[in-house]
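Colleague: First, the structure itself, so that you have it in front of you.
Throughout, read-outs are computed from the coordinates displayed, never taken from laboratory work. It should be emphasised that the depicted structure is a prediction, and the values quoted were computed from it without experimental measurement. So basically every Cβ, Gly included, is an ideal-geometry build from the backbone, and we count neighbours across all protein chains shown.
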Amino acid sequence: MAKIFCIANQKGGVGKTTTAVNLAAGLAKLGQRVLLVDLDPQGNATMGSGINKSDLDVSVYQVLLGMGDLRSAVHNSETGHYDVLPSNRDLAGAEVEMVELDQRELRLKQALASVFDHYDFVLIDCPPALSMLTLNGLCAAHGVIIPMQCEYYALEGLSDLVNTIKIVHAKMNPDLKVIGLLRVMFDPRMMLSQQVSSQLEKHFGDKVFKTIIPRNVRLAEAPSYGIPGVIFDSAAKGAQAYTAFGKELLDRIAVL
């Protein structure tokens, strides 16, 4: 039975997709069966997994609107060794088209039910907004992993996201909880990074993952080759950190 986790943050450019892709590949390296769901119309997780978003006959867009079967939409990432429910720009229109559908916030959850026993993990890469797409991800998930930079504005947006998660938990998905906060693009040379990191540990305690993902050029280069960073250069500090994060996540959910 799969554990379903959203990778979410309202702020853009905080490493959501990098985290989703590398966590998927890292868990696959650890022997887990993984499905990565790309819920962002930009399709970056799709491309970063080595799948051409321009060549898709069926994507998550058709699945959400009931125009396609999830199993027929899934592609295998040959570079990352996990499965992908891909996305492209068609998904941008789903927001409007889903408005009049029954149980529109549960469309993804209903679709995933057909493959629930086929995977150990389903990771959902959410867009950087509290949209109908993000709501679908939150309603389908057991928990949320929040990647964030240790910067002032990141703290500002964090409280809004946590409040949203509480509302979804109370009204739509009682299984939903915050699994943890992951510090990404961390630069230990910056005093602000150290200060914000300490604040996170003080306010959120053991909800903050011990693993810290450093700024790393090799992680940034990997998507242009369609290869997850943990595979592209497994010796790079960023790749090693994401592999360690995968192990920490397995340890954490074992005691949940």
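Colleague: Under a plain spin-label model, where a point goes 7 Å from the Cα along Cα-to-Cβ, how far apart in nm are Glu97 and Phe204?
Modeller: Using points 7 Å along Cα→Cβ, the separation is 3.5 nm.
Colleague: Right, something else. Could you tell me which of Val14, Ala129, Ser87 has its Cα farthest along the dipole of the chain towards the positive end, charges placed at Cβ (Lys, Arg +1; Asp, Glu -1), taken about the Cα centre?
Modeller: Val14
Colleague: If you don't mind, there's one more thing I want to ask. In the neighborhood of Gln240, defined by Cβ-to-Cβ distances under 13 Å, what is the net charge if each Lys or Arg adds +1 and each Asp or Glu adds -1?
Modeller: +2
Colleague: Then there's this: For the residues Ser114, Ser59, what sequence is obtained by ranking on other C-beta atoms within 10 Å, fewest first?
Modeller: Arranged by neighbour count, lowest to highest, Ser114, Ser59 become Ser114, Ser59.
Colleague: Given just the C-alpha atoms of the range 3-254, how large is their convex hull per residue in cubic angstrom?
Modeller: Hull volume over Cα atoms, normalised by residue count, gives 113 Å³.
Colleague: Measure off 7 Å from each Cα along the Cα-to-Cβ vector at Leu192 and Val255, then give the distance between these two points in nanometres to one decimal.
Modeller: It works out to 3.4 nm between the two label points.
Colleague: Could you give the length gained on full extension between Leu30 and Glu151, defined as 0.36 nm per residue of separation minus the Cα-Cα distance, in nm?
Modeller: Extending this stretch completely gives an extra 40.4 nm.
Colleague: Lysine pairs in the range 122-256 8 or more apart or on different chains: how many have alpha carbons under 16 angstrom apart?
Modeller: Pairs that pass both the separation and distance tests number 8.
Colleague: Taking the alpha-carbon centroid of each part, what is the distance from the range 206-249 to the range 115-169 in angstrom?
Modeller: 20
Colleague: Using amide H atoms built 1.01 Å from N in the peptide plane, name the residues 5+ places from Phe186, or on other chains, whose amide H lies under 5 Å from its own.
Modeller: Distant-sequence amide H within range of Phe186: Ile213, Arg215.
Colleague: What residues qualify as long-range amide H neighbours of Val178, i.e. H under 5 Å apart, gap of 5 or more or another chain, H built at 1.01 Å from N?
Modeller: Sorted by chain and number, the residues that satisfy this are Val144.
Colleague: Give the residue from Val184, Val162, Pro174 lying farthest towards the positive end of the charge dipole for the range 140-198; charges sit on Cβ (+1 for Lys and Arg, -1 for Asp and Glu) and the dipole is referred to the Cα centre.
Modeller: Pro174
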